[in-house]
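Chemist: This is the structure, below, for whatever I ask next.
The values are calculated or read from the model by the stated rules, or taken from the named source; none is laboratory data. Note that the structure is a prediction, hence the values are computed from the model and not measured. Note that we place each Cβ from the backbone using ideal geometry, even for glycine, and neighbour counts take in every protein chain shown. In case anyone asks, the SASA skips ligands and DNA or RNA and just uses the protein heavy atoms, side chains included. Shrake-Rupley method; radii C 1.70, N 1.55, O 1.52, S 1.80 Å.
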Amino acid sequence: MHIKVCNNSQLGIHNNFTTIIYNFSIFSRDKWLADDGMMFPDRATLYITAIEDRQYKDDKINWWDDVYGFDMSCIKKVALQEPLVDVVDRNQVVANSCLLKEIDIRTCTKADIPFDSPFTLKFKRNDYCQVCKLFFLIQSVRCLNGIFRDGSEGEAHLNVCESRINIRTSLNSRSSN
């Protein structure tokens with residue numbers, strides 16, 4: 001049995017390219033979508049930017065150095081490696097957004113998902129940077145009006161598709177760098 005429309009509503013809620021795009025979207029497309037069928041959304045674009053969030057880092061990461069008098073810094077190392085899906089306030093963004101990867105979900109394969117992407121962030125102001133933020137622009141470009149979900153800092157109500165990646169040492173950002 002093949003279907004004419006495949007709605008992948010989970011895209012944009014999570015920020016794990018491999019799991020979400022491959023395990024759900026590509027698998028569903030290959031198994032059930034008719035050759036002339038349509039997928040919604042059909043394009044995912046991944047971006048990166050930098051944010052200042054010293055308060056979060058102190059509360060959730062540096063806290064492990066002294067947990068009620070106990071040195072639990074071994075957990076801090078693990079916490080630094082784990083991305084966190086969370087909302088980021090647009091006022092915390094200290095750099096431009098750089099395109100990392102564009103995926104046409106209608107035609108991509110599993111081999112398209114792992115990737116390397118060089119990028120350069122330009123800082124907007126003098127501040128500190130503790131976290132890199134990854135976010136998706138999720139689109140249904142085959143629709144009449146090109147419906148999309150935007151995870152960028154300008155769309156605070158849709159920031160469900162952001163992931164924070166902690167930086168071990170805070171960077172001192174300058175607007176000219």
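Chemist: Taking 8 Å as the Cα distance limit and 6 or more residues as the minimum spacing, I'd like the relative contact order of the stretch 40-153 as a percentage. Spell out each step's value before the answer.
Modeler: Values: 179 pairs, mean separation 51.5, N = 114.
Computed over the stretch 40-153, the figure is 45 percent.
Chemist: Here is a follow-up. If r is the Cβ-Cβ distance from Asp89 to Arg142 and R0 is 35 Å, what FRET efficiency results, to the nearest 0.05?
Modeler: Details: r = 33 Å, r/R0 = 0.94.
E(calc), rounded to 0.05, equals 0.60.
Chemist: Determine, for the stretch 25-88, the count of lysine pairs separated by eight or more sequence positions (or lying on different chains) whose alpha-carbon distance falls under 19 Å.
Modeler: Details: Lys57/Lys76; Lys57/Lys77; Lys60/Lys76; Lys60/Lys77.
Total qualifying Lys-Lys pairs in the stretch 25-88 comes to 4.
Chemist: Please list Tyr68, Tyr47 from largest to smallest accessible area, probe radius 1.4 Å, with all protein chains kept in place. Working shown, then result.
Modeler: Details: Tyr68 190, Tyr47 55 Å².
Highest to lowest solvent-accessible surface, that is Tyr68, Tyr47.
Chemist: Going by accessible area, probe 1.4 Å, with all protein chains left in place, what is the ranking of Asp104, Asp42, Asp116, largest first?
Modeler: Numbers: Asp104 65, Asp42 5, Asp116 150 Å².
Listed by decreasing accessible area, they come as Asp116, Asp104, Asp42.
Chemist: Still on this structure, I have one more. Under 20 Å from the Cα of Lys124, which lysines turn up, not counting those fewer than eight places away in the same chain?
Modeler: Counting by Cα, and skipping residues close in sequence, Lys124 has these lysines nearby: Lys133.
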